[in-house]
Amino acid sequence: MIIHLATLLAFQLLGEVTSRGLDLPLPGPVIGMALLFISCVMWPRLAQTITPTTTVLLGHLSLLFVPAGVGVVGHLDKFGSDGAALGVAIIGSTVVAISIGALTFVGLCKLMATSHD
Amino acid sequence: MTEFAEIWTYLSTDPLLWLTLTLAAYGVGDALFKASGRKPFVNPVLITVACLAVLLQLSGTSYGTYFAGAQFVHFMLGPATVALAIPLYANLNHIKKSALPMIAALVAGSLAAMLSAVGIAAALGLDTDILLALIPKSATAPVALGVSEAIGGSPSLTAVFVITTGITGAIVATPLLNLLGITDWRARGFAVGVASHGIGTARAFQVNETAGAFSGVGMGLNALLTALIAPLIARWLLGG
């Protein structure tokens, strides 16, 4: 458990150093994810070893957004008359983005299936 | 016996109280979510945040004091993001087979998120500085804040938009995708990750492991694409 967490932290650290060192537009943890992924492809045993810990961590991913979410509540009243328009823009664009993304994915899968026939 | 005021003085300066309450409130949120039969509208992040906001208001506690305790939970976002590599690896075969649909859905979903947000907000008469802060809202928080700053938006405004977008995606995804008749877990998860980052991904993992893995990929790829495209949209918006 501890060694698994240390592994995750080490990859995050490596990601942070890479991100800052090479001045990349990606945050350290995202690069750490990519590096861990590549390492798992190279050494499949690594994935097997840390899976129990990552399953627990990802099972409660929602919890980790709570502190930032609480910070948001304090800002909500600042929007005043813009609040409704912002709500429409955020809900509307999220609905549009999920719909278009999923339909594109399914559409291309169908296109590829027919072209293989 | 010690006066309550003295005990409160200790509690209000120590991280222990708000760390405990954050976990306890999440316990309540998660229990309600499970008791509801995992209904999307009973979102555990939303319930937990609402409980804590009320507690902070009632006790007159500042966000700074709260965060001194909650930062330990917040910190775990980093290693959890790294941990997304594991379901990604477990679904490697799925992912190899769907590279092309993924790239197409990434570009379409990411552009749709940015352009429709700016389009709707502009049509409703919101100011340019708000439009700029809206552009990167579908990307994961650290990227969105960095992008917002780079394109001249307000990072603190963007932080609010990122969280509300994530919660919106987590709530609307299941009914919306059912309505569209999309049953492919890969497509469902991926689109949710692109549009509503980690909070959408957390929701996707609650529904289906494959959806969660694809959502994690969508989130990671959209972080990259948003960092590349948002400056172009911002420049176009400012008429340059």
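Would it be correct to say that A:T18 is within 20 Å of B:F75 (Cα to Cα) and touching a residue at least 40 places away in the same chain (Cβ under 8 Å)?
When the stated conditions are applied, A:T18 does not pass them.
Any residue in region B:91-105 that's within 7 Å of chain A (Cβ to nearest Cβ): show its pairings with residues that are surrounded by 15 or more Cβ atoms within 10 Å (Cβ to Cβ) and among the polar types (S, T, N, Q) at Cβ separation under 6 Å, as long as the two are six or more apart or on different chains.
Within 6 Å, the pairs are B:A104/A:T104; B:A105/A:T104.
Which helices (runs of 4 or more DSSP H) sit wholly inside region B:61-144 and have at least 2 residues that are farther than 28 Å from A:L8 by Cβ and of a type outside the set (G, A, S)?
Here the list reads B:99-123, B:128-134.
If B:T164 meets every condition in (1) among the polar types (S, T, N, Q); (2) crowded, with 24+ Cβ neighbours inside 10 Å; (3) under 14 Å from the mean Cα position of the chain (by Cα) apart from one, which number is that one?
(2) is the only condition that B:T164 fails.
Would you point out which residue out of B:A139, B:A113 is out of contact with any strand residue (DSSP E or B) (no Cβ under 6 Å at 6 or more places or on another chain), facing another protein chain (nearest Cβ under 7 Å) and under 12 Å from B:A230 (Cα atoms)?
B:A113
So how many residues does region B:194-213 have that are at the interface with chain A (Cβ under 9 Å from one of its Cβ atoms) and of a type outside the set (A, V, I, L, M)?
8
No lab work stands behind these numbers, since they all come straight from the coordinates. What you see is a predicted model, and the numbers here were worked out from it, not measured in a lab. When we count neighbours, we look across all protein chains shown, and the Cβ atoms used for this are built from the backbone with ideal geometry, even at glycine.
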